[in-house]
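Encoded as structure tokens, the structure appears first; notes follow it.
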Amino acid sequence: MNCRIVISKLSEYVDQELGGREMLLVRDHLHQCPQCAKEHAFLVGLKQRMGSMKLEEPTLGFEARLRDAVYASAAPKSAPKAAGLSLRAAVVTAVAAASLSLLALKLMPSTPAEPVSASSTTADWVTDQTSETARDPFVGISVAPVSHSGR
Amino acid sequence: MVARFLVALIGLSALAAGSHAQSALDLLRASLETRSSVRASMLQSQSLGPSSSERTMLKVEMDGQNRVRRTVLQPLRLQGQVILDDGRTLTIIAPDSRAVNQLPSPAARMTPIDLRMELIGRNYRVSRSRGETIAGRTTTLVTCRPVNRGMPTRRIWLDRETLVPLRIQSTVDSTTTLLLDTLSFEIPRSMPAELFEAQIPAGYSVVRISPPARVQTEQEADARLNFRSWIPRSVPMGFVAESVEVLASRPSGLLAIRLSDGFHSATLYQWDPRRLPDSMRRLDEEAIFSHRGLRMALLGDLPRSVMDRLREFFSKEGV
């Protein structure tokens with residue numbers, strides 16, 4: 001694998017998206033090539049700095065207010081359909097735009113991290129079933145989904 | 001003379017087949033017994049669920065002291081999730097939702113190995129043969145053919161040195177599903193301890209899942225529930241009620257009866273028909289049935305035809 005290919009795959013490598021053989025080839029190249037290793041170190045540093053930025057939590061009831069606002073803004077307009085945009089698409093577009101705004105909020109530097117909030121609950125059937133299959137090494141399934149119950 | 005020779009030959013073949021099957025079972029037992037003491041770092045592709053065609057790529061690290069760290073590499077929607085199992089607690093860290101789930105380790109609730117081997121020996125014809133090289137490792141293939149019609153055949157490729165399963169296939173009605181495959185396998189000299197410690201980042205919300213309470217009898221279960229439970233005395237197709245757990249006590253009340261045939265498992269959930277527990281709310285109505293004044297659901301990693309047969313058995317009380 002040459003430098004050009006390695007550089008083009010570096011972002012995927014840092015994000016651990018490369019498959020086994022490709023990942024091993026990039027890793028071997030990075031051990032041998034100081035220039036690519038430097039580029040790799042820069043990308044890792046950038047990812048770490050981005051990751052350490054504090055996320056802004058929306059205020060209580062934000063989701064409900066956002067939904068209401070989206071429906072309120074979409075409801076009176078009969079034009080979108082004529083313009084080829086259904087109500088559903090308008091809502092999706094608005095929610096996507098709002099999500100992007102939230103993402104921008106999340107990336108903004110802010111105050112120190114808040115304490116961890118904790119709650120207890122019983123397993124829902126999805127978590128219970130995944131936990132059941134995970135207890136068996138001969139099943140070959142082990143990823144348990146994160147339950148949002150109790151949150 | 002010829003007849004005597006043939007009888008002797010048949011006898012020898014039967015003996016050989018018997019010892020071969022025995023050693024294949026021993027191999028499975030040894031794999032279960034030694035898995036917590038193996039140190040390894042692997043890239044594995046796994047099925048995301050018994051009925052899912054989606055696959056996930058994981059980095060699996062085992063420290064040889066009963067601790068396992070799994071990092072999800074693919075698919076993108078789960079990427080970055082870390083699943084840590086220290087033998088007591090399973091911690092799932094999801095960076096995208098800034099959430100952490102902690103639940104009792106599945107390793108602490110494994111079916112006792114003796115019971116497991118007894119069930120496998122009773123319900124499957126087990127044989128071993130030389131397997132192909134997987135991720136540069138020499139393997140032994142253990143093939144488990146079901147005695148009961150309709151159950152899947154399971155093929156397990158075990159690493160010859162460590163006995164870690166490197167590939168698992170399930171075949172039913174000529175359809176083969178690759179449940180697990182290994183793309184790379186390394187035995188590192190040492191592994192950093194902090195890799196296996198659950199460090200929860202600041203600002204993450206933590207949800208702790210209460211451990212289920214194991215019970216032995218219906219009376220013991222009823223003391224914790226708001227309804228009269230029913231534990232089936234026998235189950236068809238080689239299954240047994242391996243354990244009974246109260247997942248939620250009063251006021252909601254949810255009982256889980258764990259069924260196993262040695263390889264496959266299913267859970268029979270029971271609850272009061274007047275009160276649907278929160279934990280069953282997202283379940284498809286079609287999966288729910290009634291019997292003995294109880295609401296029930298049967299879920300598990302079994303072929304649909306087997307699930308239908310078991311569901312019919314439970315709904316008609318074929319005891």
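The values are calculated or read from the model by the stated rules, or taken from the named source; none is laboratory data. If you're wondering where the values come from, they're calculated on a predicted model, not measured in any experiment. Virtual Cβ from ideal backbone geometry, glycine too; neighbours counted across all protein chains shown.
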Those residues of region B:85-98 which are more than 27 Å from B:Arg29 (Cβ to Cβ) and crowded, with 19+ Cβ neighbours inside 10 Å amount to B:Thr91, B:Ile92, B:Ile93, B:Ala94
Based on this model, can you work out whether B:Ile209 counts as free of Cβ contacts under 8 Å to residues at least 40 places away in the same chain and not small (Gly, Ala, Ser)? no
Quick check on region B:107-125. Is at least one of its residues surrounded by 22 or more Cβ atoms within 10 Å (Cβ to Cβ), at pLDDT 90 or above, more than 7 Å from chain A (Cβ to nearest Cβ) and touching a strand residue (DSSP E or B) at 6+ places or on another chain (Cβ under 6 Å)? yes
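On the basis of being part of a loop (DSSP other than H, G, I, E, B) and either of a type in the set (Lys, Arg) or buried (at least 18 other Cβ atoms within 10 Å of the Cβ) (or both), does B:Thr182 make the cut?
It is false that B:Thr182 is part of a loop (DSSP other than H, G, I, E, B) and either of a type in the set (Lys, Arg) or buried (at least 18 other Cβ atoms within 10 Å of the Cβ) (or both).
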Scan (1) in a loop (DSSP other than H, G, I, E, B); (2) among the hydrophobic types (A, V, I, L, M, F, W, C); (3) within 12 Å of chain A (Cβ to nearest Cβ); (4) buried (at least 20 other Cβ atoms within 10 Å of the Cβ) for the single condition B:Leu298 breaks and write down its number. (1)
Looking for something surrounded by 21 or more Cβ atoms within 10 Å (Cβ to Cβ) and under 21 Å from the mean Cα position of the chain (by Cα) - is there at least one such residue anywhere in region B:130-140? no
Among the candidates B:Ser36, B:Ser52, B:Ser45, which residue alone is modelled with pLDDT under 90, farther than 22 Å from B:Glu197 by Cα and hydroxyl-bearing (Ser, Thr, Tyr)? B:Ser52
Scanning region B:252-276 for residues that are touching a Ser or Thr at 6+ places or on another chain (Cβ under 7 Å) and facing chain A (nearest Cβ under 10 Å), which turns out surrounded by the most Cβ atoms within 10 Å (Cβ to Cβ)? B:Leu254
Long-range neighbours under 8 Å by Cβ, at least six apart or interchain, first residue within 7 Å of another protein chain (Cβ to nearest Cβ) and without any contact (Cβ under 8 Å) to a residue 40 or more places away in the chain within region A:1-24, second of a type outside the set (D, E, K, R) and assigned to a helix (DSSP H, G or I): A:Gln16/A:Met23; A:Glu17/B:Leu76
Of (1) within 12 Å of chain A (Cβ to nearest Cβ); (2) in a loop (DSSP other than H, G, I, E, B); (3) not polar (S, T, N, Q), B:Glu132 satisfies all except one. Which? (1)
All but one of (1) part of a strand (DSSP E or B); (2) of a type in the set (Ser, Thr, Tyr); (3) away from chain A (no Cβ under 13 Å) hold for B:Ser190, so report the exception by its number. (1)
When you scan region B:199-218, do you find a residue that is among the acidic types (Asp, Glu) and surrounded by fewer than 15 Cβ atoms within 10 Å (Cβ to Cβ), even just one? no
Count of residues meeting criterion [surrounded by fewer than 19 Cβ atoms within 10 Å (Cβ to Cβ) and part of a helix (DSSP H, G or I)] in region B:219-246: 3
